[in-house]
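J.: Sending over a structure as structure tokens; questions will come in a sec.
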Amino acid sequence: MRKYLAFAANAFQRTLTYRFELWVELFINVLFMLIYVYLWKALYNGRSAVEGYDLTRILTYIVVSQTLLSFHFTLRIARVIEEKVRTGEVVTDLMKPIDFQLMLLATGVGTTFHTVLFNMLPKLLLFYVGLRLLLPGSILTVGVFIISVMLGFVILFNIEFLIGILAFWVVEIRGIYFAVIWGISWFFSGYFLPLEHYPDLLAKMAEYLPFQAIIYSPTAIYVGRITGSAMVGVLLIQLFWAVVLMGLGRFAYLAALRKLAIQGG
């Protein structure tokens with residue numbers, strides 16, 4: 001365990017050295033969040049509520065979901081694996097007395113912890129003060145929200161890990177990465193708008209895919225759309241996807257090891 005904590009700490013320290021990138025990224029994030037906020041204000045002009053979301057609730061949803069989207073830009077595990085395979089560094093990593101999958105998870109946690117402290121929390125505070133957004137209804141909701149966010153992060157990591165492992169078989173994974181992460185995931189995660197606003201068919205499809213567990217589930221808990229015993233059900237679904245995707249990642253990782261062994265790597 002201590003070894004993986006060291007990887008997380010090293011990743012956190014590395015991100016501290018890129019202060020200019022931090023401020024640029026924060027500025028761009030805030031700018032895009034402002035665009036979405038004013039877009040939804042315009043869409044709600046003359047409307048009291050849509051699908052159970054009044055203006056304050058939808059703005060809270062947008063700000064929280066936009067904040068959670070920062071995980072997509074921070075993690076980049078698929079690209080990390082691709083680079084390691086391309087340069088041959090992955091061979092050195094596989095020779096270390098550590099688990100490759102857990103090492104990358106620890107590294108991702110360290111990088112993301114920096115983003116949470118210096119990007120996500122400042123954005124939430126800024127927009128909460130500026131827009132008087134909703135707060136979770138109880139301490140219990142806050143706790144469930146945090147657990148849901150962590151499970152969503154693990155799900156995103158495992159999806160990226162699965163994409164990254166494909167680099168052992170294909171030369172270029174950027175097309176797959178953009179299609180899955182910036183296409184399918186963003187669409188079905190509820191990033192653009194709550195899943196209640198989707199047509200019935202698309203909402204049903206999102207319900208059976210893991211992507212909604214990354215952004216929609218924790219955000220819906222935060223704004224009070226998922227309450228009571230339903231929160232337990234959501235956490236169980238997230239846990240299910242986290243375990244299944246972690247298992248699939250392990251299977252793909254072992255298959256990649258066999259491929260290296262066959263090739264004499």
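The values are calculated or read from the model by the stated rules, or taken from the named source; none is laboratory data. Since the model is a prediction, treat every value here as computed from it, not as a measurement. Glycine gets a Cβ as well: all are built from the backbone with ideal geometry, and neighbour counts include every protein chain shown.
Listed here are the residues, each with its yes/no results for (1) on the phi > 0 side of the Ramachandran plot; (2) modelled with pLDDT of 95 or more; (3) out of contact with any Phe, Trp or Tyr (no Cβ under 9 Å at 6 or more places or on another chain).
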residue	(1), (2), (3)
107	no, no, no
126	no, no, yes
147	no, yes, yes
155	no, yes, no
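J.: Within region 1-50, how many residues are in a helix (DSSP H, G or I) and either of a type in the set (Phe, Trp, Tyr) or in contact with a Pro (Cβ under 6 Å, 6 or more places away or on another chain) (or both)? Don't jump to the end; show me each part of the working.
T.: If we filter region 1-50 for residues that are in a helix (DSSP H, G or I), which is where we start, we get 2-16, 19-43.
Next, from what is left, pick out any that are either of a type in the set (Phe, Trp, Tyr) or in contact with a Pro (Cβ under 6 Å, 6 or more places away or on another chain) (or both): 4, 7, 12, 20, 23, 27, 32, 36, 38, 40.
Matching residues across region 1-50 total 10.
J.: Here is a follow-up. Hey, residue 142 hits all of (1) over 16 Å from the mean Cα position of the chain (by Cα); (2) more than 29 Å from residue 23 (Cα to Cα) but one; which does it fall short on?
T.: Only one criterion in (1) over 16 Å from the mean Cα position of the chain (by Cα); (2) more than 29 Å from residue 23 (Cα to Cα) is unmet by residue 142, namely (2).
J.: Tell me, please, whether a residue that is in a helix (DSSP H, G or I) and loosely packed, with under 13 Cβ neighbours inside 10 Å can be found in region 51-71. Explain how you work it out, then say what you get.
T.: Taking region 51-71 first, the residues in a helix (DSSP H, G or I) are 55-68, 70-71.
Remaining after also requiring loosely packed, with under 13 Cβ neighbours inside 10 Å: none.
So far as region 51-71 goes, no, none of its residues is in a helix (DSSP H, G or I) and loosely packed, with under 13 Cβ neighbours inside 10 Å.
J.: Name every residue in region 56-96 that is among the hydroxyl-bearing types (Ser, Thr, Tyr) and without any contact (Cβ under 8 Å) to a residue 12 or more places away in the chain, in order of residue number. I'd like the intermediate steps shown before the answer.
T.: If we filter region 56-96 for residues that are among the hydroxyl-bearing types (Ser, Thr, Tyr), which is where we start, we get 56, 60-61, 65, 67, 70, 74, 87, 92.
Hits for region 56-96 are 87, 92.
J.: Now for a separate question. Looking at 165, 184, 155, 214 in this structure, which one is within 14 Å of residue 234 (Cβ to Cβ), of a type in the set (Val, Ile, Thr) and out of contact with any Ser or Thr (no Cβ under 8 Å at 6 or more places or on another chain)?
T.: Just one listed residue meets the conditions, 155.
J.: Based on this model, can you work out whether residue 53 counts as of a type outside the set (A, V, I, L, M, F, W, C) and over 30 Å from residue 167 (Cα atoms)?
T.: In short, yes.
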